[in-house]
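Scroll down for the structure; my scribbles are underneath it.
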Amino acid sequence: MKLCRFDNDRLGIVEGDAVRDVTAALDILPRHAYPLPRHDPLVASLTALRLRIESLAANVPRRPLAGVKLLSPIANPGKILAAPVNYRKHLEEAREDPGIHHQKQVAEIQKIGLFLKATSSLVGPAEGIALRHLDRRNDHEIELAAVIGKPGRDIPRARAFEHIAGYCIGLDMTVRGPEERSLRKSVDSFTVLGPWFVTADAIGDPSALDLRLAVNGEVRQQANTRDLILGIAELIEFATSFYTVHPGDILLTGTPEGVGPVQPGDRLTAEIQGIGRMEIAVRAA
Ligand code: MN
């Protein structure tokens, strides 16, 4: 099942190039009082929600996806986990390019672990990317994003996939420079998630998916998730040896080689096999 959030926070089920508005299914979500939960309520209720969506969908007309504004399919993640330098060839390019490494040693992911991005950086493809530091190098990074479905800590890799609800395309936009990753990658709009959320059962094996990013039609990044240094299961084992994950938490699994700068006016096309394709406009903030 492919679920999107569109226009004015409508919930949609995606079928080919069409969408059916199944917002009425959200009625089954619990009403929360302060303090709010740490999880995303939609993802936390996904099993029940899917049944409700299926029963509603047949009676709702299809409308073209091209006419809707796609927001981040996950509205309220508790945290955004991200893997640095998790493809071998990207590690090599980062070590060779001073524009990327900024005189810092680029260590393997096994030594530096994961980092966190601010949830306020999250947008959907239709919202676009707004660059704030135009005097700096701002890079694109396409990544497979896994969405946590079941809470857990100290999750062994053999059980990791039980905790994944589904997948999206993620962009981990980055200001290059000497500061901490969490600062440089948390600029508003620097986490793009979309075009929709694909439930895990619809993906099959996430460890062999082609991914591709083009800037103004020119392919810049092209790889396959089989080249991840730490796979999704290992990342979840590693992350949860430090902290608890909750439904709706987003795991950006790392970007392959080919990262490069973007400018206002650029148009990015990001594609991952089994998920889909999204276009994102870059502008000055
Ligand atoms: Mn990244």
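Please compute one quarter of the surface area of the Cα convex hull for the range 80-284 and express it in square nanometres.
9.9
Once amide H atoms are built 1.01 Å from N in the peptide plane, which residues 5 or more positions from GLY260, or in another chain, come under 5 Å H to H?
Long-range HN contacts for GLY260: HIS140.
Taking every pair of alpha-carbon atoms in the range 2-67, give the share separated by more than 13 Å as a whole percent.
64
On average, how much accessible surface per residue is there in the range 80-284, in Å², for a 1.4 Å probe, leaving out ligands, DNA and RNA?
40
Please list, ordered by chain and number, the residues whose modelled amide H lies under 5 Å from the amide H of TRP196; skip anything fewer than 5 residues away on the same chain.
Excluding prolines and chain starts, which carry no amide H, the hits are ILE169.
Report ³J(HN,Hα) in whole Hz for each residue of the range 13-28, in order, from the Karplus equation J = 6.51 cos²θ - 1.76 cosθ + 1.60 where θ = phi - 60°; Gly and Pro get x.
The phi angles translate into 9, 8, 10, x, 9, 10, 9, 10, 7, 10, 3, 4, 5, 5, 4, 7 Hz.
Could you check the simple spin-label distance between ARG50 and ALA66, using points 7 Å along Cα→Cβ, in nm with one decimal?
With each label placed 7 Å out from Cα toward Cβ, I get 3.1 nm.
Ranked highest first by the average count of other Cβ atoms within 10 Å around their residues, in what order do 253-262, 29-38 fall?
On the way: 253-262: 21.6, 29-38: 9.4.
Going by the mean number of other Cβ atoms within 10 Å, highest first, we get 253-262, 29-38.
Once each part is reduced to its C-alpha centroid, what is the distance from the range 211-240 to the range 14-85 in angstrom?
Computed from Cα coordinates, the inter-centre distance equals 24 Å.
Taking H placed 1.01 Å from N in the peptide plane, check which residues at least 5 places from ASP266 or on another chain put their amide H under 5 Å from its amide H.
VAL282
Rank LEU230, GLY16, ALA57 by how far each Cα sits towards the positive end of the charge dipole of the chain (+1 on Lys, Arg Cβ; -1 on Asp, Glu Cβ) and give me just the farthest.
With unit charges placed on the Cβ atoms, the residue in question is ALA57.
Treating only the Cβ atoms of Lys and Arg (+1) and Asp and Glu (-1) as charged, compute the dipole magnitude of the chain about its Cα centre; round to the nearest 20 debye.
500
In whole Hz, what ³J(HN,Hα) sequence does the range 264-280 give by Karplus (6.51, -1.76, 1.60; θ = phi - 60°), x for Gly and Pro?
x, x, 5, 10, 9, 10, 10, 9, 9, 3, x, 9, x, 8, 9, 10, 9
Once you sort the root eigenvalues of the Cα gyration tensor of the range 157-255 as a ≥ b ≥ c, which label holds: rounded (a/c under 1.5), prolate (a/b larger than b/c) or oblate (the other case)?
oblate
Using θ = phi - 60° and the Karplus relation 6.51 cos²θ - 1.76 cosθ + 1.60, list the HN-Hα couplings for the range 248-257 in order, rounded to whole Hz, with x at every Gly or Pro.
With the stated coefficients, the range 248-257 comes to x, 4, 10, 10, 8, 8, x, 10, x, 4 Hz.
Express the carbon and sulfur contribution to the solvent-accessible surface of the chain as a percent, rounded to the nearest whole number, probe 1.4 angstrom. Write out the running numbers ahead of the final one.
On the way: 6190 of 12580 Å².
The nonpolar share, carbon plus sulfur, comes to 49 percent.
Sort 225-233, 57-65 for me by packing, meaning the mean count of neighbouring Cβ atoms within 10 Å per residue, highest on top.
Final packing ranking: 225-233, 57-65.
Would the range 40-191 count as rounded, prolate or oblate if I go by the C-alpha gyration tensor, calling it rounded below 1.5 in a/c and otherwise prolate when a/b exceeds b/c, oblate otherwise?
It is oblate, given that a/c is not under 1.5 and a/b is not larger than b/c.
The values are calculated or read from the model by the stated rules, or taken from the named source; none is laboratory data. Computed from a predicted model, the values in this text were never measured in an experiment. When we count neighbours, we look across all protein chains shown, and the Cβ atoms used for this are built from the backbone with ideal geometry, even at glycine. Calculation scope for accessible area: heavy atoms of the full protein, side chains included, ligands and nucleic acids excluded. Shrake-Rupley method; radii C 1.70, N 1.55, O 1.52, S 1.80 Å.
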